[in-house]
Structures are given as C-alpha cells and as structure tokens.
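In what follows, a structure is listed as structure tokens, so that the remarks can point back to it.
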Amino acid sequence: MASSDKDVLVGSLAGQTIGDGLCVLPGQGNSLAIETEAGIVVIDVSTPRHFDKMIGCLRESTDAAVYAIVYSHGHHGYNSALDLWQAHNAERGDPPPRVVAHRNLLARYDRYRETADLQARMASFQFPIDISFRDVARGLKLFDPTETFADKMTLVSGSRPVELIWTPSETDDALAVWLPEQRLLFGGAATPGLTIPNIGTPLRTQRYTMRWADSLDTLRALEPERLVTEFGPIVEPNSAIDEMLAAMSEALRWLRHSVVEKLNAGLNEGEILAAMDYPTELFDKPWMLPTYGAPEYIVRDIYREETGWWDRNPTTLHPAAPDDAQHAVLSAITDRHAVLDRARALAEQGQPQLALHVIDLLALAPGDDPEVAEARSLKAELCAARADQVAPFVSRSCYESSARLLEDGSTSWTAQR
C-alpha cells in the first residue's frame, strides 16, 4: 500500500522453496504454502495485487489442489484476495478450500466493518500513497472464515501433520503453524523478523506486552528446528531460535517491569519516556531493531494498559472546543513572527522536534490568517525533517502524511481526501 511496500510488507523469503513441498509465495509477508496428503495449505493469500504472482509461483512447484487457506491473523490485506483463490479452485474443478482462522477474528472483522472509514483513514496515513482514503477502503475487503478454533487445531493429519496454535500477540486472533514431523514453525505475527515486536504503534489498538511475551514462551517450548518469521529470514537451528524467542520475551518483560516501576513512582507518560534507558544487551539485537516498531511505542502501550486517558494536565480534563482554545492561544500571542522565527532558529540548529513544539502555538489555530498559514507550511517542513531523523517506518509515515495534510492547509483528518 505504500511507496516503500517493497521494504516493509513483502517477506524476505518471497518465491523461495524452503524444503520438500514447502514454498514461500510472493505475498504480503512470508506467505507459506505447505504440500500435504490432503492438498496444499496456504498461510495467508494476501491482496488481489499479489494474486497472479502467488498463483504463478505455486503452480510452478505443484499442481495439487488448494485444500485449506489459513489466516495467520486478522489484519487487513493478509487475506483480501480470498475470493480470487476460491475462484481459482472453482476454475480447476477443485473443491472449495477450507478457510480457517482463530475464533477471535470474527469479532475483529465485525469491528472493522463498523469502523470501515476509520480503518481506511488510518491505513492511508500509515501507508501514505497518492490516492484517497475511500479508494484505500475499497481494497480492504474482508472474508469471514468457514471454520474457527480456540486454542489448538489439527488441520491436517497423515505423514505431514499441520497444527494451528493460538498465539495472541500483534492481534488477539494471531496463530502459529507447527509441522511437528519437520520441527518447522511458522511463527506468524508473533515473530515478525528483523524488527522489534509491533506493540503500541501510533494508530493501532493495544497489543498487551505480556500476552505477546507469553506467546513467545509457548513457541519456544515447542523446540523447533526451523522458524519461518513473518517478514524476515528463516532462523535455524534450535539454539538460534531458542536464543531469539527467549531474548524477545525477556526484553518485553523488562519493558513491563521498568514502566510499572516508574508508574509506581508517580511519573507520567512523558516523564517515563524521557527516563527510559534501554539496555543494549536486550535491545541491540537483529530481532529488536526499530525498523517498523520502536521501544518507545511499547512503553506507551504499557502506560496505556495501566492508566486512563487523562494526560495529568488539568487543562485537558474538560477542554474547550479545539477552535475556541486555539483562538484563545492565538489571541495571547502579540508577536506571531517571533514564534515563527524561534521555530525556524530551532530547525536550523538541527532540533526540528523542539521547533514543532513551538510552531504549534500558531499552526493548530483555525482560519487562514497569513501567519497561521505560514506556520502550517513550516510545520510541514518540520515533519519532513523529523521523518528523516526517526527509524521506525510507522513514525516516518505519520510525519510524511501529516506534512501532506498541512501542505493542503489543514490539521484535521476530516480534510483527508
């Protein structure tokens, strides 16, 4: 969905055969095709734009029927091409595939349907492309599974059993796929690959750090010999997998302990973020890189778990309407050019974040006063500068999308195209 999709959403194993009857299809993430006695089991059939390449890759390796399609988790885009795969079976004269997911996915899809425009707005912000959010919405198709399970499910028996294990992590409907005879584990959303667990991202609901840590421990207990991550490479042998899963769990548990300790001391969110010192022995690891998520995101998610919505500033308890509040702030500024000049000076000193704090005195005001318009334009430049400074993909996208909105003269998502 984004201009940088190739870096973020495509699995690094795309198109590779990773064993006898095991192929990673070129979809969103490492979409795994498993040949069994019952037929092909496909984990995630991705989006319509992936369909032709995925089918082409599959049919280069086997002519067997697609027996089952498994949803690794319920996020948009991972299975929005289901109807095309069903049509593929029908055209070949094959039976309809079983469509299997964790039972929590049904409630997720109900919520996504209820908040369809919001989901599209958030997606277009997080994955900025030059189309309207309503065009994005048309691509966020949802197809309910035909079967669900609770904790574990044996999908296929025989010489290559395929087992599904509930591993709540990025979502509460995430699952892992376990091939016990091959000791091969498809970790799904619980094991993203070369990035820190995707907890607490700015535009997503809570993901519960300790729940994710518990799921990592569950996967570790299987003692796999090969691990297919969601986006990254295969991890092997067992010693490397064990180190990775144990260290990820330990880091998440350390974050929880550290944040709760500071909460108990009375610190607010900003104070906790400023006080965090992430130990290199836990966070300077290939699987903890801030390429998509970030440690700061996880800190904020843990904070959100244990506190209410209030930011502890009494001004925000019962606020005035945003336009009225910003008009009042604007009326108190006798020299608007001094605000603009100070923000520019901070930017020139290489401190665009401080400049953003200053420019908001003007940039958030409604109307089209010349100084306000100039402030919005400067804020767009500052957002672009911040996008170049931060590592997480999601943060970069949010800065870039905010800049685009500001360039159009607005700070409100109601102005999204």
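Just to verify a result, which residue in region 293-337, among those that are of a type in the set (Ser, Thr, Tyr) and outside any helix (DSSP H, G or I), is surrounded by the most Cβ atoms within 10 Å (Cβ to Cβ)?
Thr307
Return the residues of region 398-417 that are closer than 15 Å to Asp368 by Cα, in a loop (DSSP other than H, G, I, E, B) and of a type in the set (D, E, K, R); say none if nothing qualifies.
If the condition is that a residue be closer than 15 Å to Asp368 by Cα, in a loop (DSSP other than H, G, I, E, B) and of a type in the set (D, E, K, R), then Asp408 is the only one that fits.
Return the residues of region 183-208 that are surrounded by fewer than 24 Cβ atoms within 10 Å (Cβ to Cβ) and not in a loop (DSSP other than H, G, I, E, B); say none if nothing qualifies.
Leu184, the sole residue that qualifies.
What are the residues in region 368-406 that are among the charged types (D, E, K, R) and either under 14 Å from Leu356 (Cβ atoms) or within 26 Å of the chain's Cα centre (by Cα) (or both), if any?
Those that are among the charged types (D, E, K, R) and either under 14 Å from Leu356 (Cβ atoms) or within 26 Å of the chain's Cα centre (by Cα) (or both): Arg376, Lys379, Glu381, Arg386, Asp388, Arg396, Glu400, Arg404.
Please go through (1) surrounded by fewer than 23 Cβ atoms within 10 Å (Cβ to Cβ); (2) more than 18 Å from Pro295 (Cβ to Cβ) for Val235 and return the number of the only condition it doesn't satisfy.
For Val235, the exception is condition (1).
Looking at region 23-40, is at least one residue surrounded by 21 or more Cβ atoms within 10 Å (Cβ to Cβ), of a type in the set (Gly, Ala, Ser) and either free of Cβ contacts under 8 Å to residues at least 24 places away in the same chain or part of a helix (DSSP H, G or I) (or both)?
Among the residues of region 23-40, at least one is surrounded by 21 or more Cβ atoms within 10 Å (Cβ to Cβ), of a type in the set (Gly, Ala, Ser) and either free of Cβ contacts under 8 Å to residues at least 24 places away in the same chain or part of a helix (DSSP H, G or I) (or both), which makes the answer yes.
Of everything in region 271-304, what is touching a residue at least 24 places away in the same chain (Cβ under 8 Å) and more than 21 Å from Glu170 (Cα to Cα)? Give them in sequence order.
Within region 271-304, Ile272, Leu273, Pro279 meet the criteria.
Bear in mind that the values in this text are calculations on the coordinates, not laboratory data. Predicted model, so just to flag it, every value in this text is computed and none were measured. With ideal geometry, Cβ positions are generated from the backbone for all residues, glycine too; neighbour counts draw on all protein chains shown.
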